[in-house]
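I have placed the structure first, in the form of structure tokens, so that the comments after it can refer back to it.
The values are calculated or read from the model by the stated rules, or taken from the named source; none is laboratory data. Nothing here was measured: the structure is a model prediction, and the numbers come from that model. In this analysis, Cβ positions are derived from the backbone assuming ideal geometry, glycine residues included, and neighbour counts consider all displayed protein chains.
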Amino acid sequence: MDKPDNRKPEDNTSDESSVDRRSFIKAAAATGAALATSAQSISAQVTGGTAAGVAREEEVEIVSEGKYGSDFMMDVLKQMDFEFMTLNTHSDSAGLQESVINYMGNTNPELITALHEEVAVAMGHGYYKIEGKPLAALIYGSVGLQHAAMAVYSAFCDRVPVFIMLGNQRNNPNSRSVQDPGAMVRDFTKWDDAPLTLDHFAKSAVRAYSVAMTTPTMPVVLSVDKKLQEMVIPRGEKLRVPKYSPNTPPAGDSNAVRELAQMLVDAEFPVLGVERAARSQAGLDSIVELAELLQAGVVDTIQRMNFPSKHPLLQEPTIFREADLVLALEMPMLSRTRLKEGAKLASISSFDLFTRSNYWHFGNYQEPDFSIAADPEATLPSLIEEVRRLLPRSKRSSVQARGAKFAEINQRNRQADKAFAAKGWNHSPLNTARVAAELWDEIKNKDWSLVSRSDGMSDWGWKLWDFNKYYHHIGQSGSVGVGYSNPASIGAALANRKHGRLSINLQNDGDFMFLPSTLWTAAHHNIPMLTVMHNNRAYNQEIMLISRMAALRDRDVSRCTIGSEINNPAIDFAGLARSMGWYAEGPIEHPSDLRPAIRRAIAQVESGVPALLDTVTQPN
Ligand SMILES: Cc1ncc(C[n+]2csc(CCOP(=O)(O)OP(=O)(O)O)c2C)c(N)n1
Ligand SMILES: [Mg+2]
């Protein structure tokens, strides 16, 4: 009889065909378990599939007697302290999944069932933007990764780390295995590997995490061979878990920082452009401090929660034209063509420290006059220090004067927004500004977090609500790929749950329908959140584009909903949500029905239940 200890790892596993009913029954019998016992309670594993794929009785191993490859893998992952592992279950990760369940007790990580692999990765995207650390996603290496690909690309564009593990069978051409699974997403991940041994897994897993978490943060992929997962670790085998030491993010060189500080101090009308500048509340606070110290205007593309939405120094992008110096903070796509002739452009960005070339996400070369390749959040404290040191007393009054000018412009912009919001206030379908305003009245005294893109509901949330904490908003998608928002919002809501925050998702109908199954995951895992539909029953942006095209060609604009409406039949979003365990109301078409529905839905969310309001809205 073969002792598992003596066998080579590759003999010591089961492939899909060997886990047939006959061998499962033998395994159950070998442990003394009753045949009627459910699969979860049988602690046995069939090992050693033969060439014909039939397991022999003597090859049955009892889990509790030894450690398996996937147990060791979890030992390695323990120090990363993954709170959650999203997955769509598959045979090539059966070893890992079982180790999470029984070896780890389904805690740190806890498995989160995703009904589509794109959901598994996009949830990681949203989760990171609240929690500041990644979750792990366990995905079928071949077909699963194909489903997940757009979500990987969105995370890459948005500089978000997701720790993706792929189940794969390197040695089995009869399975849906892949020779080089990472290849498909290599253009939009930072690093990947397919370890050959457990020792190799340990080193690569820690490296992958370190690479993913170092600025610029990005997704990484680790292909985990099924046989490695399932092998019994031979007795006496010495395996160690490499220690993970987080890298400090790259901060700007002190001479360069001093030079930049001098440029800022000398500028007459400086403006900060902020994109993915803040990674945490500390980053947001630093940007506020620098802006206030200089009384500089701030233009925010809101890819992160960089700057308070009601701050008087916040400006519209047109202000770039008036600046004599623009400092772009993690904003590599800001083109100097948007600046006035002769204006200077400076940059602090980690973009050049790592990027990829095939899938475009970078814009034209920025042509900065002065550039520091570094992480803005890590660099800002020393820049603030230098500015404070260099700012002469004699400049104080001119600094205050330009601050007053920015505040005046900000005030004008806000008044224009308010006037615009009031247009069509009583319309049915609903005015999106009214939906955002009524919602705000109900949440403003609560601890809330907007877990969707700020341009949801035509930016009205961003324009009308008071965003001032880092977790108030998760920023945009990175790729602008439709289908991101619904699952990313649930990932962010999952992160918000333990903090007791009220997660709000302003959800476009087109985006929703890519992955409606996302809702089931929220209900199944008790993730409370309020989803309010921007249900304009259309891919409205596309209708606008096609209509413009028709107008330019002097042809019939009225037909341009063809191919872009999501109507006839109208989707019953409330019914769909209820079918997956959500509290839901709608369609809500009349403004007078809105406020009571919001109150009822929030009460549900506060009792722990996800709730959806199907608000039928104006196109914009
Ligand atoms: C994956 C993907 N497919 C197609 C597009 C093209 N696209 C851009 S906007 C848009 C419409 C989005 O509709 P919806 O989410 O309902 O928002 P609305 O425009 O109605 O506000 C589409 C299809 C895209 N960005 N991503
Ligand atoms: Mg729509």
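Couple of notes before you dig in:
- Residue in the stretch 568-577 that is free of Cβ contacts under 8 Å to residues at least 40 places away in the same chain and either buried (at least 17 other Cβ atoms within 10 Å of the Cβ) or away from ligand 2 (no atom under 16 Å from the Cβ) (or both) present: yes
- Of the helices (runs of 4 or more DSSP H) lying entirely inside the stretch 472-566, the ones with 3 or more residues being in contact (Cβ under 8 Å) with a residue 12 or more places away in the chain, within 16 Å of ligand 1 (Cβ to nearest atom) and within 17 Å of the chain's Cα centre (by Cα) are found at 485-497, 509-514.
- Of everything listed in (1) assigned by TED's automatic domain parsing to the domain that holds V480; (2) surrounded by 15 or more Cβ atoms within 10 Å (Cβ to Cβ); (3) not in a helix (DSSP H, G or I), the single unmet condition for A433 is (3).
Matching residues to (1) touching a residue at least 24 places away in the same chain (Cβ under 8 Å); (2) touching a Lys or Arg at 6+ places or on another chain (Cβ under 9 Å); (3) surrounded by 24 or more Cβ atoms within 10 Å (Cβ to Cβ):
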residue: Q79; (1), (2), (3): yes, yes, no
residue: F84; (1), (2), (3): yes, no, no
residue: G95; (1), (2), (3): yes, yes, yes
residue: E98; (1), (2), (3): yes, no, no
residue: Y103; (1), (2), (3): yes, yes, no
residue: N108; (1), (2), (3): yes, yes, no
residue: L111; (1), (2), (3): yes, no, no
residue: E131; (1), (2), (3): yes, no, no
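- Exactly one residue out of D614, D593 is modelled with pLDDT of 95 or more and touching a helix residue (DSSP H, G or I) at 6+ places or on another chain (Cβ under 9 Å): that is D614.
- Among residues of the stretch 401-430, those that are surrounded by 18 or more Cβ atoms within 10 Å (Cβ to Cβ), assigned to a helix (DSSP H, G or I) and touching a residue at least 60 places away in the same chain (Cβ under 8 Å), counted: 5
- Some residue of the stretch 350-367 being surrounded by 15 or more Cβ atoms within 10 Å (Cβ to Cβ), within 18 Å of V298 (Cα to Cα) and outside the structural domain of M218 (by TED's automatic domain parsing): no
- Test: residue in the stretch 332-351 that is over 30 Å from G481 (Cβ atoms) and in contact with a Leu (Cβ under 6 Å, 6 or more places away or on another chain): yes
- Sub-9 Å Cβ pairs linking a first residue in the stretch 141-155 that is under 16 Å from R170 (Cβ atoms) and in the same structural domain as V185 (by TED's automatic domain parsing) to a second residue that is within 13 Å of ligand 1 (Cβ to nearest atom) and basic (K, R), at least 6 apart or interchain, number zero.
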